[in-house]
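Reading through the structure tokens given below for one structure.
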Amino acid sequence: MDTLANEILHWATRAIEVAGTAVIVYGILSALVLLVGGTRAGRPMADTFRECRSSLGMAILLGLEFLVAADIINTVAIEPTLQSLAVLAGIVLVRTFLSFSLEVEIEGRWPWQRGAAPPAEGTADAAASGTKR
């Protein structure tokens, strides 16, 4: 029974890795389509480039999340050794750094620098801030 569970986890891990890779490849292809379509439509190149870069960055971030999940499953459930845990820690550190870097590139600021949402209309905060009802 233990070998069956390991085999299922092995194939599940591979499926998640394939899904992560597919997300990244799809992001590359859709970014290329955006780039070609935007330049043909006569949109300003800077806007097209920014949209293409943002789309590609989001696809890479999502793909990296899938790949990290596969690595975690592989390390925790299939090969729980200190060496595999150390490798996982290194992979997670590198991918976390990449994720933060991509987030800064896409949003133009660190994730914790997001501004607070503006107060909703009709609330006391909105009245205090001078927002019209």
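Per-structure values
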quantity	calculated
Label point distance in nm, residue 84-residue 103, each placed 7 Å from Cα along Cα→Cβ	2.9 nm
Rotationally averaged projected area of the stretch 2-112 (alpha carbon convex hull; nm²)	8.1 nm²
Dipole of the stretch 2-112 [Lys/Arg +1, Asp/Glu -1 at C-beta], most positive-end residue of 56, 88, 70	56
Theoretical FRET efficiency, 1/(1+(r/R0)^6), r = Cβ-Cβ of residue 95 and residue 12, R0 25 Å, to 0.05	0.80
Rg(Cα) / (2.2 N^0.38 Å) computed for the stretch 20-60, rounded to two decimals	1.14
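Throughout, read-outs are computed from the coordinates displayed, never taken from laboratory work. For clarity, every value in this text was computed on a predicted model and none was experimentally measured. Heads up, the Cβs are rebuilt from the backbone with ideal geometry, glycines too, and the neighbour counts pull from every protein chain shown.
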